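Student: Right, I'll just put the structure down here and ask away after.
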Amino acid sequence: MILCAGESLIDFIGEEGKGMAHSEFFRPRVGGSPLNTAVGLSRLGVNVAFLTKVGNDYFGEKIRKFLREEKVLSKYIFISQKRKTPIAFIALSKNKVPEYEFYRVNTSDLDINETDIGKIDYKEIKLFHFGSISLINGNTADSLVKIFKEFKKRKVITSLDPNVRENLIEDKKKYIHRLIDIMRDVDILKLSMEDLNFFFQEGDFEKFIKFLGRENKLTFLTLGEKGSLGFYQKKLYKMNARKIEKIVDTTGCGDAYMVGILYKIYEYRTLQLSESQIYEIMEFSSLLSSITASNYGGATSMPFVSDCLKYGCFINK
(Lines give C-alpha, C1' and ligand atoms only; values in the text may rest on other atoms or scores of the structure.)
Protein backbone atom coordinates (compact mmCIF):
# COMPACT_ATOMS: atom_id res chain seq x y z
CA MET A 1 0.00 0.00 0.00
CA ILE A 2 1.08 3.60 -0.66
CA LEU A 3 0.49 6.21 2.04
CA CYS A 4 0.14 9.84 0.96
CA ALA A 5 0.19 12.50 3.67
CA GLY A 6 -0.50 16.20 3.85
CA GLU A 7 -3.19 18.83 3.68
CA SER A 8 -6.73 18.36 2.49
CA LEU A 9 -8.88 21.40 1.91
CA ILE A 10 -11.71 22.85 -0.11
CA ASP A 11 -10.70 24.77 -3.21
CA PHE A 12 -13.17 27.44 -4.30
CA ILE A 13 -12.63 27.61 -8.05
CA GLY A 14 -13.21 30.98 -9.70
CA GLU A 15 -14.26 31.82 -13.23
CA GLU A 16 -11.91 30.67 -15.96
CA GLY A 17 -9.76 33.44 -17.40
CA LYS A 18 -10.93 36.10 -14.95
CA GLY A 19 -8.34 35.56 -12.25
CA MET A 20 -8.91 36.11 -8.57
CA ALA A 21 -9.72 39.83 -8.76
CA HIS A 22 -12.47 39.58 -11.38
CA SER A 23 -14.16 36.26 -10.54
CA GLU A 24 -17.64 36.73 -9.08
CA PHE A 25 -18.53 33.05 -8.65
CA PHE A 26 -16.49 30.32 -6.93
CA ARG A 27 -17.36 26.60 -6.96
CA PRO A 28 -16.23 24.36 -4.05
CA ARG A 29 -14.01 21.40 -4.95
CA VAL A 30 -12.01 18.99 -2.80
CA GLY A 31 -8.29 19.72 -3.10
CA GLY A 32 -4.78 19.72 -1.67
CA SER A 33 -1.67 18.57 -3.53
CA PRO A 34 -1.07 15.26 -1.65
CA LEU A 35 -4.81 14.54 -1.76
CA ASN A 36 -4.79 14.98 -5.54
CA THR A 37 -1.90 12.52 -5.73
CA ALA A 38 -3.73 9.96 -3.59
CA VAL A 39 -6.84 10.24 -5.77
CA GLY A 40 -4.77 9.92 -8.94
CA LEU A 41 -3.14 6.72 -7.68
CA SER A 42 -6.47 5.25 -6.64
CA ARG A 43 -7.97 5.96 -10.07
CA LEU A 44 -5.16 3.89 -11.59
CA GLY A 45 -6.01 0.95 -9.37
CA VAL A 46 -3.35 1.42 -6.68
CA ASN A 47 -4.13 0.53 -3.07
CA VAL A 48 -3.59 3.93 -1.43
CA ALA A 49 -4.38 5.51 1.95
CA PHE A 50 -4.37 9.20 2.81
CA LEU A 51 -3.18 10.72 6.08
CA THR A 52 -4.68 14.10 6.91
CA LYS A 53 -6.82 15.93 9.45
CA VAL A 54 -10.12 17.64 8.73
CA GLY A 55 -12.58 19.59 10.82
CA ASN A 56 -15.82 18.20 12.19
CA ASP A 57 -17.74 20.41 9.78
CA TYR A 58 -19.47 20.39 6.41
CA PHE A 59 -16.22 20.77 4.47
CA GLY A 60 -14.54 17.98 6.42
CA GLU A 61 -17.42 15.65 5.65
CA LYS A 62 -17.31 16.68 1.98
CA ILE A 63 -13.63 15.67 1.83
CA ARG A 64 -14.22 12.33 3.58
CA LYS A 65 -17.19 11.52 1.34
CA PHE A 66 -15.21 12.38 -1.80
CA LEU A 67 -12.28 10.16 -0.77
CA ARG A 68 -14.62 7.27 0.05
CA GLU A 69 -16.15 7.56 -3.40
CA GLU A 70 -12.65 7.61 -4.92
CA LYS A 71 -11.78 4.39 -3.01
CA VAL A 72 -8.95 6.06 -1.08
CA LEU A 73 -8.52 4.29 2.27
CA SER A 74 -9.65 6.57 5.08
CA LYS A 75 -8.19 4.85 8.18
CA TYR A 76 -5.69 7.71 8.64
CA ILE A 77 -8.10 10.58 8.04
CA PHE A 78 -8.35 12.15 11.50
CA ILE A 79 -11.05 14.56 12.68
CA SER A 80 -10.50 17.68 14.78
CA GLN A 81 -13.37 18.60 17.08
CA LYS A 82 -12.11 22.14 17.66
CA ARG A 83 -10.54 23.28 14.40
CA LYS A 84 -12.15 24.04 11.04
CA THR A 85 -11.23 22.55 7.67
CA PRO A 86 -8.99 24.91 5.65
CA ILE A 87 -10.17 26.52 2.43
CA ALA A 88 -8.44 28.10 -0.54
CA PHE A 89 -9.58 30.26 -3.45
CA ILE A 90 -8.20 29.51 -6.90
CA ALA A 91 -8.84 31.33 -10.15
CA LEU A 92 -7.23 30.96 -13.55
CA SER A 93 -5.73 34.04 -15.19
CA LYS A 94 -6.10 34.76 -18.89
CA ASN A 95 -2.91 32.76 -19.42
CA LYS A 96 -4.40 29.70 -17.63
CA VAL A 97 -2.10 30.26 -14.63
CA PRO A 98 -3.71 29.45 -11.25
CA GLU A 99 -3.84 32.27 -8.67
CA TYR A 100 -4.15 31.16 -5.02
CA GLU A 101 -5.41 32.61 -1.75
CA PHE A 102 -5.33 30.32 1.33
CA TYR A 103 -7.30 30.55 4.59
CA ARG A 104 -5.63 28.21 7.08
CA VAL A 105 -5.08 29.98 10.42
CA ASN A 106 -5.52 27.52 13.32
CA THR A 107 -7.16 25.01 10.96
CA SER A 108 -7.42 21.24 11.28
CA ASP A 109 -4.65 20.43 8.78
CA LEU A 110 -2.09 22.04 11.12
CA ASP A 111 -2.78 19.67 14.00
CA ILE A 112 -1.75 16.11 13.14
CA ASN A 113 -0.23 15.13 16.49
CA GLU A 114 1.55 12.32 18.36
CA THR A 115 -1.72 10.55 19.16
CA ASP A 116 -2.67 10.51 15.48
CA ILE A 117 0.64 9.22 14.15
CA GLY A 118 0.73 6.58 16.87
CA LYS A 119 -2.10 4.85 14.99
CA ILE A 120 -0.05 4.26 11.84
CA ASP A 121 0.61 0.63 10.95
CA TYR A 122 4.06 1.06 9.40
CA LYS A 123 4.31 -2.60 8.39
CA GLU A 124 1.53 -2.37 5.78
CA ILE A 125 3.05 0.57 3.88
CA LYS A 126 5.50 0.01 1.02
CA LEU A 127 5.88 3.62 -0.16
CA PHE A 128 5.40 6.92 1.68
CA HIS A 129 4.71 10.21 -0.14
CA PHE A 130 4.29 13.60 1.51
CA GLY A 131 4.85 17.33 1.06
CA SER A 132 3.21 20.61 0.14
CA ILE A 133 1.98 23.27 2.58
CA SER A 134 1.65 20.78 5.45
CA LEU A 135 5.41 21.07 5.96
CA ILE A 136 5.30 24.82 6.58
CA ASN A 137 4.24 24.99 10.24
CA GLY A 138 2.12 23.59 13.07
CA ASN A 139 2.12 20.19 14.75
CA THR A 140 1.59 18.58 11.35
CA ALA A 141 4.97 19.70 9.99
CA ASP A 142 6.80 18.16 12.96
CA SER A 143 4.67 15.01 12.81
CA LEU A 144 5.31 14.44 9.11
CA VAL A 145 9.06 14.75 9.66
CA LYS A 146 8.84 12.14 12.43
CA ILE A 147 6.84 9.81 10.17
CA PHE A 148 9.37 10.31 7.37
CA LYS A 149 12.29 9.45 9.65
CA GLU A 150 10.50 6.33 10.88
CA PHE A 151 9.94 5.12 7.33
CA LYS A 152 13.60 5.78 6.53
CA LYS A 153 14.62 3.63 9.50
CA ARG A 154 12.38 0.87 8.16
CA LYS A 155 13.90 1.23 4.66
CA VAL A 156 10.52 2.08 3.12
CA ILE A 157 10.70 4.07 -0.14
CA THR A 158 9.99 7.76 0.55
CA SER A 159 8.88 10.55 -1.79
CA LEU A 160 8.57 14.35 -1.52
CA ASP A 161 6.85 17.06 -3.55
CA PRO A 162 7.52 20.44 -1.82
CA ASN A 163 4.92 22.32 -3.89
CA VAL A 164 6.06 25.62 -2.36
CA ARG A 165 3.50 28.36 -1.64
CA GLU A 166 5.80 31.20 -0.61
CA ASN A 167 3.03 33.57 0.50
CA LEU A 168 2.11 31.15 3.32
CA ILE A 169 5.62 30.86 4.76
CA GLU A 170 6.17 33.09 7.81
CA ASP A 171 9.48 31.66 9.06
CA LYS A 172 11.33 31.25 5.76
CA LYS A 173 14.66 30.28 7.35
CA LYS A 174 13.13 27.48 9.43
CA TYR A 175 11.10 26.19 6.48
CA ILE A 176 14.09 26.09 4.13
CA HIS A 177 16.22 24.30 6.73
CA ARG A 178 13.49 21.66 7.25
CA LEU A 179 12.95 21.07 3.55
CA ILE A 180 16.63 20.97 2.61
CA ASP A 181 17.20 18.27 5.25
CA ILE A 182 14.35 16.21 3.83
CA MET A 183 15.37 16.74 0.20
CA ARG A 184 18.87 15.47 0.95
CA ASP A 185 17.55 12.24 2.44
CA VAL A 186 14.33 11.39 0.58
CA ASP A 187 14.46 8.64 -2.07
CA ILE A 188 12.30 10.39 -4.69
CA LEU A 189 12.13 14.17 -5.14
CA LYS A 190 9.90 16.02 -7.59
CA LEU A 191 10.31 19.78 -8.04
CA SER A 192 8.62 22.40 -10.16
CA MET A 193 10.61 25.28 -11.61
CA GLU A 194 9.00 27.52 -8.97
CA ASP A 195 10.23 25.18 -6.23
CA LEU A 196 13.75 25.16 -7.66
CA ASN A 197 13.92 28.96 -7.87
CA PHE A 198 12.70 29.28 -4.30
CA PHE A 199 15.33 26.99 -2.81
CA PHE A 200 18.15 27.77 -5.22
CA GLN A 201 18.15 31.24 -6.75
CA GLU A 202 20.56 30.23 -9.51
CA GLY A 203 17.76 28.05 -10.91
CA ASP A 204 20.28 25.44 -12.06
CA PHE A 205 18.84 21.94 -11.65
CA GLU A 206 22.12 20.04 -11.81
CA LYS A 207 23.90 22.42 -9.42
CA PHE A 208 21.05 22.08 -6.94
CA ILE A 209 21.28 18.30 -7.11
CA LYS A 210 24.99 18.49 -6.34
CA PHE A 211 24.29 20.91 -3.48
CA LEU A 212 21.85 18.38 -2.03
CA GLY A 213 24.17 15.44 -2.65
CA ARG A 214 21.52 13.69 -4.74
CA GLU A 215 23.70 12.73 -7.73
CA ASN A 216 22.70 9.07 -7.39
CA LYS A 217 19.11 9.55 -6.23
CA LEU A 218 15.93 9.89 -8.26
CA THR A 219 15.03 13.54 -8.88
CA PHE A 220 12.61 15.18 -11.33
CA LEU A 221 11.95 18.75 -12.43
CA THR A 222 8.72 19.71 -14.22
CA LEU A 223 8.93 22.56 -16.74
CA GLY A 224 5.31 22.94 -17.86
CA GLU A 225 4.95 23.10 -21.64
CA LYS A 226 8.75 22.68 -21.94
CA GLY A 227 8.54 19.13 -20.60
CA SER A 228 10.55 17.72 -17.69
CA LEU A 229 14.01 16.74 -16.55
CA GLY A 230 15.14 13.72 -14.58
CA PHE A 231 18.41 13.02 -12.80
CA TYR A 232 19.57 9.60 -11.63
CA GLN A 233 22.94 7.91 -11.13
CA LYS A 234 24.80 11.08 -12.26
CA LYS A 235 22.92 11.28 -15.56
CA LEU A 236 20.48 13.91 -16.82
CA TYR A 237 17.32 12.83 -18.68
CA LYS A 238 15.02 15.01 -20.79
CA MET A 239 11.39 14.51 -21.82
CA ASN A 240 9.20 16.70 -24.01
CA ALA A 241 5.75 17.66 -22.80
CA ARG A 242 2.92 15.59 -24.25
CA LYS A 243 1.01 17.71 -26.76
CA ILE A 244 -2.72 18.10 -26.23
CA GLU A 245 -5.40 19.79 -28.32
CA LYS A 246 -6.45 22.32 -25.69
CA ILE A 247 -5.19 23.32 -22.26
CA VAL A 248 -8.22 23.82 -20.03
CA ASP A 249 -6.71 24.08 -16.54
CA THR A 250 -3.16 23.49 -15.30
CA THR A 251 -4.26 22.99 -11.67
CA GLY A 252 -3.07 19.59 -10.49
CA CYS A 253 -0.68 18.93 -13.40
CA GLY A 254 2.31 18.63 -11.08
CA ASP A 255 0.36 16.26 -8.84
CA ALA A 256 -0.53 14.12 -11.86
CA TYR A 257 3.15 13.97 -12.80
CA MET A 258 3.85 12.79 -9.25
CA VAL A 259 1.17 10.11 -9.66
CA GLY A 260 3.04 8.76 -12.68
CA ILE A 261 6.33 8.58 -10.79
CA LEU A 262 4.82 6.82 -7.78
CA TYR A 263 2.76 4.44 -9.91
CA LYS A 264 5.82 3.25 -11.81
CA ILE A 265 8.08 2.97 -8.77
CA TYR A 266 5.38 1.01 -6.93
CA GLU A 267 5.12 -1.24 -9.97
CA TYR A 268 8.89 -1.77 -10.14
CA ARG A 269 9.17 -2.24 -6.33
CA THR A 270 12.77 -1.01 -6.50
CA LEU A 271 14.88 2.11 -6.85
CA GLN A 272 17.52 0.29 -8.91
CA LEU A 273 16.38 1.52 -12.30
CA SER A 274 17.57 1.17 -15.89
CA GLU A 275 17.71 4.05 -18.37
CA SER A 276 14.66 2.70 -20.18
CA GLN A 277 12.71 2.67 -16.92
CA ILE A 278 13.60 6.31 -16.20
CA TYR A 279 12.30 7.30 -19.62
CA GLU A 280 9.22 5.16 -19.09
CA ILE A 281 8.51 6.96 -15.81
CA MET A 282 8.91 10.39 -17.40
CA GLU A 283 6.85 9.56 -20.49
CA PHE A 284 4.01 8.11 -18.42
CA SER A 285 4.08 11.04 -15.97
CA SER A 286 4.01 13.53 -18.84
CA LEU A 287 0.98 11.76 -20.30
CA LEU A 288 -0.91 11.94 -17.00
CA SER A 289 -0.02 15.62 -16.63
CA SER A 290 -1.29 16.45 -20.12
CA ILE A 291 -4.55 14.58 -19.58
CA THR A 292 -5.06 16.54 -16.36
CA ALA A 293 -4.44 19.84 -18.18
CA SER A 294 -7.20 18.99 -20.63
CA ASN A 295 -9.77 18.86 -17.80
CA TYR A 296 -11.06 21.35 -15.26
CA GLY A 297 -10.25 21.08 -11.55
CA GLY A 298 -7.61 19.47 -9.33
CA ALA A 299 -8.50 16.10 -7.82
CA THR A 300 -11.46 15.68 -10.15
CA SER A 301 -9.20 16.03 -13.21
CA MET A 302 -6.88 13.14 -12.26
CA PRO A 303 -6.88 10.53 -15.09
CA PHE A 304 -8.61 7.16 -14.92
CA VAL A 305 -7.27 3.95 -16.44
CA SER A 306 -9.66 4.45 -19.37
CA ASP A 307 -8.10 7.85 -20.12
CA CYS A 308 -4.63 6.28 -20.32
CA LEU A 309 -5.83 3.44 -22.54
CA LYS A 310 -7.10 6.00 -25.07
CA TYR A 311 -3.47 6.95 -25.63
CA GLY A 312 -2.33 3.36 -25.95
CA CYS A 313 -0.74 3.35 -22.51
CA PHE A 314 -0.76 0.02 -20.70
CA ILE A 315 -1.88 0.13 -17.06
CA ASN A 316 -0.91 -2.83 -14.93
CA LYS A 317 -3.93 -3.02 -12.60
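Student: Taking the condition closer than 17 Å to Gly31 by Cα and assigned to a helix (DSSP H, G or I), does Lys65 pass?
Tutor: So Lys65 fits the description; yes.
Student: May I pose another question? When both residues are 6+ apart or on different chains and their Cβ atoms are under 9 Å apart, which pairs have a first residue that lies in the range 250-268 and is without any contact (Cβ under 8 Å) to a residue 12 or more places away in the chain, and a second that is surrounded by 24 or more Cβ atoms within 10 Å (Cβ to Cβ) and of a type outside the set (Ser, Thr, Tyr)?
Tutor: Tyr268/Ile281
Student: Now a separate question. With the checklist (1) surrounded by 15 or more Cβ atoms within 10 Å (Cβ to Cβ); (2) touching a residue at least 60 places away in the same chain (Cβ under 8 Å); (3) touching a strand residue (DSSP E or B) at 6+ places or on another chain (Cβ under 6 Å) in hand, flag the one item Glu101 doesn't pass.
Tutor: (1)
Student: Could you please find all residues in the range 74-112 being more than 14 Å from Ser8 (Cα to Cα) and outside any loop (DSSP other than H, G, I, E, B)?
Tutor: Within the range 74-112, Ile90, Ala91, Leu92, Pro98, Glu99, Tyr100, Glu101 meet the criteria.
Student: Now, a different point. Could you look through the range 173-208, keep only residues that are under 20 Å from the mean Cα position of the chain (by Cα), of a type in the set (Lys, Arg) and surrounded by fewer than 21 Cβ atoms within 10 Å (Cβ to Cβ), and pick out the one that is farthest from Leu127 (Cα to Cα)?
Tutor: Within the range 173-208, the match that is farthest from Leu127 (Cα to Cα) is Arg178.
Student: Kindly indicate the residue of the range 153-172 that is under 18 Å from the mean Cα position of the chain (by Cα) and charged (D, E, K, R) and also nearest to Leu221 (Cα to Cα) among those meeting that condition.
Tutor: For the range 153-172, the residue satisfying everything is Asp161.
Student: Kindly establish whether Phe148 is more than 20 Å from Lys84 (Cβ to Cβ) and touching a Leu at 6+ places or on another chain (Cβ under 6 Å).
Tutor: No; evaluated as a whole, the condition is false for this residue.
Student: Output the residues belonging to the range 183-208 that are of a type in the set (Asp, Glu) and in a loop (DSSP other than H, G, I, E, B).
Tutor: If the condition is that a residue be of a type in the set (Asp, Glu) and in a loop (DSSP other than H, G, I, E, B), then Asp187, Glu202, Asp204 are the ones that fit.
Student: Does any residue in the range 202-231 that is within 18 Å of Asn163 (Cα to Cα) and of a type in the set (Val, Ile, Thr) come within less than 7 Å, Cβ to Cβ, of a residue that is part of a helix (DSSP H, G or I) and modelled with pLDDT under 95 six or more places away or on a different chain, and which pairs are these?
Tutor: From residues that are within 18 Å of Asn163 (Cα to Cα) and of a type in the set (Val, Ile, Thr), the pairs are Thr222/Gly254.
Student: Here's a follow-up. How many residues does the range 1-51 hold that are modelled with pLDDT of 90 or more, part of a loop (DSSP other than H, G, I, E, B) and among the charged types (D, E, K, R)?
Tutor: Residues flagged as modelled with pLDDT of 90 or more, part of a loop (DSSP other than H, G, I, E, B) and among the charged types (D, E, K, R) within the range 1-51 amount to 1.
Student: Go through the range 266-295 residue by residue and tally those that are assigned to a helix (DSSP H, G or I), closer than 21 Å to Glu215 by Cβ and either out of contact with any Ser or Thr (no Cβ under 9 Å at 6 or more places or on another chain) or modelled with pLDDT under 95 (or both).
Tutor: Number satisfying all stated conditions: 7.
The values are calculated or read from the model by the stated rules, or taken from the named source; none is laboratory data. Here the structure is a predicted model, which is why all the values come from computation and not from measurement. In this analysis, Cβ positions are derived from the backbone assuming ideal geometry, glycine residues included, and neighbour counts consider all displayed protein chains.
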